[in-house]
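Scroll down for the structure; my scribbles are underneath it.
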Amino acid sequence: MSPLWKKSAIIIADIALACYLLLAITAFNKPDDQQSVCTQVDVTIEDGMVDGFLGGNEIKEQLQRAKIYPQGQPMKQIDIRKIEETIRQNPFVETVECYKTQGGHVKVSLTQRLPVVRVKAANGDDYYVDAHGEIMPNTRYTSNLLVATGSITRPYAQKRLSRIGKIIVQDEFWQSQIEQLNILDDGTVEMVPRIGDHIVYLGTAANLRQQLDRLEKFYRYGLSVAGWNKYDYISLEFDNQIICKKKNKSKT
């Protein structure tokens, strides 16, 4: 073959290869009929220490009310930023991320705000407080959550109850053991355990972790021997002391 024919053959081969690559890239980037429409919406909610405040159905209903639920919609028309902004309006959502995937799926990944105390104050207020001290509205959902009653203002709940509730919720033993907090008129704290017929007085609860450590040891090595119903009032107000008031025998 002459050099001229060889050169022409190489040029033709290069052109054919370029056309093939162009067609392959175009075909790869062109969505088929199934990929062009959203066929599935996947909602993932990160588990928190307290369950029951968010569910996939609630997120679906929220997007449907806003008329932006993506299933069945053309993928190119789905505004994921608008979906994120809408979900962020939910008072129980902390973070949210939305994105599209090949195959016509829309993924929604979110974390929920963590309620640590439910406040049922003497003034009639009924709301939740999260781990950051933010107020969360009362909802139809139920959860095995610490309840605080008594003389509670919103600033008190945000600054002090939030800290107390977070410490209790983060400890598996105390989360299951403590049922209620009662706030007295002077701002001091009483604690109602699930086991035993007694009240635990914490004072201001400024050193709550140390108080709970002392109380746990007293439970394990004191009340487990003496009996859970021997005392009706246990005070942890003072450092390195546990003051117990015996139950009135007439009540037993």
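The values are calculated or read from the model by the stated rules, or taken from the named source; none is laboratory data. These numbers come from a predicted model, not from an experiment. No Cβ is skipped: glycine too gets one built from the backbone with ideal geometry, and neighbour counts run over all protein chains shown. These area figures cover heavy atoms from the full protein model, side chains too; ligands, DNA and RNA do not enter into them. Shrake-Rupley method; radii C 1.70, N 1.55, O 1.52, S 1.80 Å.
What's the number of the only condition in (1) of a type in the set (D, E, K, R); (2) within 30 Å of residue 135 (Cα to Cα); (3) not in a helix (DSSP H, G or I) that residue 213 fails to meet?
All conditions pass for residue 213, except number (3).
Can you tell me how many residues in the stretch 64-88 are open to solvent by 40 Å² or more (accessible area, probe 1.4 Å) and in contact with a helix residue (DSSP H, G or I) (Cβ under 7 Å, 6 or more places away or on another chain)?
Total satisfying the criteria: 2.
Return the total of residues in the stretch 152-162 being open to solvent by 50 Å² or more (accessible area, probe 1.4 Å), under 11 Å from residue 189 (Cβ atoms) and either of a type in the set (S, T, N, Q) or out of contact with any Ser or Thr (no Cβ under 9 Å at 6 or more places or on another chain) (or both).
Within the stretch 152-162, the subset open to solvent by 50 Å² or more (accessible area, probe 1.4 Å) is 153-155, 158-160.
Pick out the ones that are also under 11 Å from residue 189 (Cβ atoms) and you get 160.
In the following step, the residues that additionally are either of a type in the set (S, T, N, Q) or out of contact with any Ser or Thr (no Cβ under 9 Å at 6 or more places or on another chain) (or both) were identified as none.
Counting residues in the stretch 152-162 that are open to solvent by 50 Å² or more (accessible area, probe 1.4 Å), under 11 Å from residue 189 (Cβ atoms) and either of a type in the set (S, T, N, Q) or out of contact with any Ser or Thr (no Cβ under 9 Å at 6 or more places or on another chain) (or both) gives 0.
Checking residue 91 against (1) part of a loop (DSSP other than H, G, I, E, B); (2) surrounded by 20 or more Cβ atoms within 10 Å (Cβ to Cβ), only one condition comes out false. Which one?
It fails just one condition, (2).
With the requirement that a residue be open to solvent by less than 40 Å² (accessible area, probe 1.4 Å) and either at pLDDT 95 or above or not in a strand (DSSP E or B) (or both), what does the stretch 132-146 give you?
Quick first cut of the stretch 132-146, residues open to solvent by less than 40 Å² (accessible area, probe 1.4 Å) only: 133, 136, 139, 145-146.
Correct list: 133, 139, 145, 146.
If I filter the stretch 101-112 down to residues being out of contact with any Gly (no Cβ under 7 Å at 6 or more places or on another chain) and polar (S, T, N, Q), which single residue comes out as surrounded by the fewest Cβ atoms within 10 Å (Cβ to Cβ)? Write out each step before concluding.
Applying the first criterion (out of contact with any Gly (no Cβ under 7 Å at 6 or more places or on another chain)) to the stretch 101-112 yields 101-111.
Next, only the ones that are polar (S, T, N, Q) stay: 101-102, 109, 111.
On the way: 101: 12, 102: 8, 109: 14, 111: 16.
Restricting to residues being out of contact with any Gly (no Cβ under 7 Å at 6 or more places or on another chain) and polar (S, T, N, Q), the top hit is 102.
Looking only at residues in the stretch 163-187 that are surrounded by 15 or more Cβ atoms within 10 Å (Cβ to Cβ) and over 25 Å from the mean Cα position of the chain (by Cα), which one is nearest to residue 233 (Cα to Cα)?
That would be 183.
Hey, among the residues in the stretch 113-131 that are open to solvent by 30 Å² or more (accessible area, probe 1.4 Å) and in a strand (DSSP E or B), which one's farthest from residue 96 (Cα to Cα)?
The qualifying residue farthest from residue 96 (Cα to Cα) is 120.
For residue 200, all conditions in the list (1) more than 28 Å from residue 242 (Cα to Cα); (2) in contact with a Pro (Cβ under 8 Å, 6 or more places away or on another chain); (3) open to solvent by less than 20 Å² (accessible area, probe 1.4 Å) hold save one; what is the number of the exception?
So the condition that residue 200 fails would be (1).
I'd like the full set of residues that are surrounded by 11 or more Cβ atoms within 10 Å (Cβ to Cβ), of a type in the set (A, V, I, L, M, F, W, C) and at pLDDT below 85, limited to the stretch 203-252.
223, 226, 228
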